[in-house]
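Asks: To start, I am sharing the structure in question, which I have written as structure tokens.
The values are calculated or read from the model by the stated rules, or taken from the named source; none is laboratory data. Everything numeric in this text was worked out from a predicted model, so none of it was measured. Cβ: placed from backbone, ideal geometry, glycine included. Neighbour counts: every protein chain shown.
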Amino acid sequence: MCDSFKYLASLLLIGIAAAGMAAGGLGSWTGVAAFVVLAVVDSLLAPDFSSRKIRYPWLARCLPYLHYPALFGFWMVFAVQISAGEISGWNLLGGVLSVGVLNGAIGLATAHELMHGNNLFARTGADLIGTCYGVPITDLGHVHVHHIHLDTPADGDTPIRGESLYRFVLRSVKAQIGETFRLEFAYLRKIDKSPWSPFGRLFWGVMFELLFAICFIWLAGPIGLPVLLITWIIGFSVMADYNYAQHYGLVRVPGAPIKPHHAWNHLQPFSRLLAYEITTHSEHHLDPDVSYTDLTPLPDAPQMPSILVCFIASLVPLLWDKMIARPRLQHWDQHFASDEERVLAAEANRVAGWC
């Protein structure tokens, strides 16, 4: 298949999940069930270290923008089915999980590609997609904090050793919101505008979020508000799981050069396609401005299993630590870390209570 069309996989997955939701009843579980099936298949496939050969670059540039109408439509189908009584009881849980998981997993990946765009149109696209998982305007902290301070205590998006996903989500989202306010307010003060001026992006981010919520609640009815909030919580938890799986336990001397071993990579075929190459993470941190289709997988960089598998495993802290994280961190300490980083790693192990 032409590499230009492979990235349609995530839109196809959203379409399948939306069709299941439209069918009602047990169909509401389609999205989360497909996610689990893909995780199993992805884990059984060999890693994909190939570089992409893009025949239609215009298609590659357009694809990320198509995810906002796709995800928005998925949400609205969910709302209509709730209002019609087609989804209730345990099937309502299926709908919440399907919408939350796919909006976090696919939404963050496409928003991430757009937030690194060097124009207002791309960043606005990222903000709109962010409304689908409840946290717009995350690019401010991501670009200006995470990409500078990754793997150091100054980065709220780097999970420390022994930290559960649940604790990390709270810390990470708090840090992202705090960094967004700090950076945006500093910019507005510089141009002599009020913190909530329409000349700033924060104002429009809040407006986008409110309009999105109004549309969903209007279609879903009174139950729409709690369903919306719970689904958003799941969505931004999955969103934060990307950083959890891609930087867990890694350390770097503050100010030291960023190298390939400062990120985990997930190079299984579906991990790369569904996540728009965000899982080719070492190369991304070496040059954040490179388009997703031009990222080069680095087989010699630190590797993790399928990102989909990591999402599921991280839900069970003991499973995550024992089976996935600690064995790979031990290898990282011995074979990747510099002498200074080994000192930091030893201290991190001590604080985590690891031998």
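Asks: Against the condition in a loop (DSSP other than H, G, I, E, B) and among the hydroxyl-bearing types (Ser, Thr, Tyr), how does Thr158 come out, does it pass?
Replies: Yes: the conditions hold for Thr158.
Asks: Name the residue that is nearest to Thr110 (Cα to Cα), counting only residues in region 132-154 that are more than 14 Å from the chain's Cα centre (by Cα) and in a loop (DSSP other than H, G, I, E, B).
Replies: Ranking the qualifying residues of region 132-154, first place goes to Leu150.
Asks: Quick check, is Leu150 among the aliphatic types (A, V, I, L, M), under 30 Å from Glu341 (Cβ atoms), out of contact with any Ser or Thr (no Cβ under 8 Å at 6 or more places or on another chain) and surrounded by fewer than 22 Cβ atoms within 10 Å (Cβ to Cβ)? Even if it seems obvious, please write down each step before you answer.
Replies: On the way: among the aliphatic types (A, V, I, L, M): yes; under 30 Å from Glu341 (Cβ atoms): yes; out of contact with any Ser or Thr (no Cβ under 8 Å at 6 or more places or on another chain): no; surrounded by fewer than 22 Cβ atoms within 10 Å (Cβ to Cβ): yes.
So Leu150 does not fit the description; no.
Asks: With (1) out of contact with any Ser or Thr (no Cβ under 9 Å at 6 or more places or on another chain); (2) surrounded by 14 or more Cβ atoms within 10 Å (Cβ to Cβ) as the list, and Leu225 as the residue in question, which single condition is left unmet?
Replies: Of (1) out of contact with any Ser or Thr (no Cβ under 9 Å at 6 or more places or on another chain); (2) surrounded by 14 or more Cβ atoms within 10 Å (Cβ to Cβ), only one is false for Leu225: (2).
Asks: Follow-up. Give the residues of region 189-201 that are under 28 Å from the mean Cα position of the chain (by Cα) and not in a loop (DSSP other than H, G, I, E, B), sorted by residue number.
Replies: Passing the criteria: only Arg201.
Asks: Still on this structure, I have one more. Give the residue that is surrounded by the most Cβ atoms within 10 Å (Cβ to Cβ), with candidates limited to residues of region 257-292 that are among the small types (Gly, Ala, Ser) and in a loop (DSSP other than H, G, I, E, B).
Replies: Ala275
Asks: Report, by residue number, each residue of region 167-205 that is closer than 21 Å to Leu250 by Cα and free of Cβ contacts under 8 Å to residues at least 60 places away in the same chain.
Replies: Matches in region 167-205: Arg167, Leu170, Arg171, Lys174, Ala175, Gln176.
Asks: Which residues, taken from region 225-253, are of a type in the set (Gly, Ala, Ser) and either more than 10 Å from the chain's Cα centre (by Cα) or under 15 Å from His112 (Cβ atoms) (or both)?
Replies: Gly235, Ala240, Ala245, Gly249
Asks: Before we move on, is Leu63 under 30 Å from Ala220 (Cβ atoms), in contact with a Cys (Cβ under 7 Å, 6 or more places away or on another chain) and either surrounded by fewer than 20 Cβ atoms within 10 Å (Cβ to Cβ) or modelled with pLDDT of 90 or more (or both)?
Replies: Numbers: under 30 Å from Ala220 (Cβ atoms): yes; in contact with a Cys (Cβ under 7 Å, 6 or more places away or on another chain): no; either surrounded by fewer than 20 Cβ atoms within 10 Å (Cβ to Cβ) or modelled with pLDDT of 90 or more (or both): yes.
So Leu63 does not fit the description; no.
Asks: Take the residues in region 296-312 that are touching a residue at least 60 places away in the same chain (Cβ under 8 Å) and outside any helix (DSSP H, G or I), then tell me which one is surrounded by the most Cβ atoms within 10 Å (Cβ to Cβ).
Replies: Selected residue: Ser306.
Asks: Look through region 114-173, keep the residues that are at pLDDT below 95 and among the polar types (S, T, N, Q), and return whichever of them is farthest from Ala60 (Cα to Cα).
Replies: Ser172
Asks: Please determine, by comparing only the residues of region 108-126 that are in a loop (DSSP other than H, G, I, E, B) and in contact (Cβ under 8 Å) with a residue 40 or more places away in the chain, which one is farthest from the chain's Cα centre (by Cα).
Replies: Asn118
Asks: Please pick out the residue among Trp58, Trp75 that is under 14 Å from Ile14 (Cα atoms) and hydrophobic (A, V, I, L, M, F, W, C).
Replies: The conditions single out Trp75.
Asks: Moving on to the next point. Can you run down the residue pairs with Cβ atoms below 6 Å, 6 or more apart or on separate chains, where the first is in region 2-31 and closer than 15 Å to Val101 by Cα and the partner is in a loop (DSSP other than H, G, I, E, B)?
Replies: Matching pairs, first to second residue: Ser28/Ile87.
Asks: OK, next. In the list Ile129, Ile177, which residue meets the criterion of being surrounded by 24 or more Cβ atoms within 10 Å (Cβ to Cβ), assigned to a helix (DSSP H, G or I) and within 17 Å of the chain's Cα centre (by Cα)? Show your work before the answer.
Replies: On the way: Ile177 fails: surrounded by 24 or more Cβ atoms within 10 Å (Cβ to Cβ).
Within the list Ile129, Ile177, the selection yields Ile129.
Asks: How many residues are outside any helix (DSSP H, G or I) and without any contact (Cβ under 8 Å) to a residue 24 or more places away in the chain when one looks only at region 47-83?
Replies: Final tally of qualifying residues: 0.
Asks: Check region 313-328 and report whether any residue there is surrounded by 20 or more Cβ atoms within 10 Å (Cβ to Cβ), at pLDDT 95 or above and assigned to a loop (DSSP other than H, G, I, E, B).
Replies: yes
Asks: Now for a separate question. List the number of the failed condition for Ala39; all other conditions in (1) part of a helix (DSSP H, G or I); (2) in contact (Cβ under 8 Å) with a residue 24 or more places away in the chain; (3) under 29 Å from Glu209 (Cβ atoms) hold.
Replies: Looking at each condition in turn, Ala39 falls short on (3).
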